[in-house]
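A.B. asks: Before we start, here is the structure in question, set down as structure tokens.
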Amino acid sequence: MRSLLTITLLASLFISWSLPVVAAEVMVEKSSVETDDFDAAFDDDFNDFDDPPGGKARPLISDPLEGWNRGVFWVNDKFYFYLVKPVARGYRVVPRPVRRSIDNFFSNLATPVRAVNALLQFKIKDTGTELGRLLVNTTVGLAGLFDPAKSQLGWEKKQEDFGQTLGYYGVGSGWYLVLPIFGPSSARDGLGIIGDYFVIDPLNYVDLKRWEYFGIKSFDYVNSLSLDPDSYEGIKRDSLDPYLFIRAAYAQHRLAKINK
């Protein structure tokens, strides 16, 4: 029984991270990008629908493994709808303010990941903001359950990760990859996940068994997914080809973050 619970929690972690959370972020990110080049490149990734036969579209990210990626996308999609999303919806019985405080707590716990990556990119102001947020939210915010650094001081969280750091130093995205369970990624961002989760993440330096670590992470992401307003469902409903939409949105999202 414990093994089954562990597997379920681990699957929930990675699927909940991959589809709806990324989809929600890229929609927000796209609305805030003001560079015309990004919008033009984003549109190019949908040229498959209106180019004449033989026309050459210029996607934002190379996808020579599209056949494999589409197969994995289909499996992840079914796993999300039949297992992970029902769990997250059931979890919504927990009052939203409580779930929001839990989300704040885990966000505060992940501050070192954002701060270290900001520092590696020589974003000194952003590094200071993250450290200031950690101090304020850990003390006044009661171990991070609340976010007075944002609500009272206007210090916004700076989203930085090791994939962005590699991009800052000129590492290209490489091939687009849809990873089993992990979801949309790239060769560069796959390495970034290893750096963030297995090197910088402070939970790695706590005496936790591996299944306990993934159990905590799973709970974090199921909680986050319960706060998401069904973004992925909206994409599935409104997109002619959800695979192409997710691919373009993911590449747009990452490009915008690296170039900001």
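Just so you know, all these numbers are worked out from the coordinates, no wet-lab data involved. If you're wondering where the values come from, they're calculated on a predicted model, not measured in any experiment. All Cβ positions, glycine included, derive from the backbone under ideal geometry; neighbour counts span all protein chains shown.
A.B. asks: Taking the Cβ-Cβ separation of Y169 and L203 as r and a Förster radius of 22 Å, what is the calculated FRET efficiency to the nearest 0.05? Walk me through the intermediate numbers first.
C.D. replies: Values: r = 26 Å, r/R0 = 1.18.
Efficiency computed from Cβ-Cβ geometry: 0.25.
A.B. asks: Efficiency by 1/(1 + (r/R0)^6): what FRET value for D241 and S151, r their Cβ-Cβ distance, R0 = 45 Å, to the nearest 0.05?
C.D. replies: Numbers: r = 40 Å, r/R0 = 0.89.
With a Förster radius of 45 Å, E is 0.65.
A.B. asks: Work out the FRET efficiency for W68 and I194 from their Cβ-Cβ distance, taking R0 = 25 Å, and round it to the nearest 0.05.
C.D. replies: The pair W68/I194 has a calculated efficiency of 0.75.
A.B. asks: Same structure, new question: Within a Cβ distance under 12 Å of I200, other residues only, what is the Lys/Arg minus Asp/Glu net charge? Numbers along the way, then the final one.
C.D. replies: Working: positive: R114; negative: E160, D161, D196, D201.
Every neighbour counted, the sum reads -3.
A.B. asks: Right, next: For W155, W74, which order do you get if you count the other beta carbons within 10 Å of each Cβ and list the fewest first? Don't jump to the answer; show the numbers that get you there.
C.D. replies: Values: W155 18, W74 12.
Least to most surrounded, the residues fall as W74, W155.
A.B. asks: With Cβ to Cβ distances under 12 Å as the rule, what net charge do the other residues near T111 carry (K, R +1; D, E -1)?
C.D. replies: Details: positive: R114, R133, K157, K158; negative: D126, E130, D147, E160, D201.
Neighbour charge sum, excluding T111 itself: -1.
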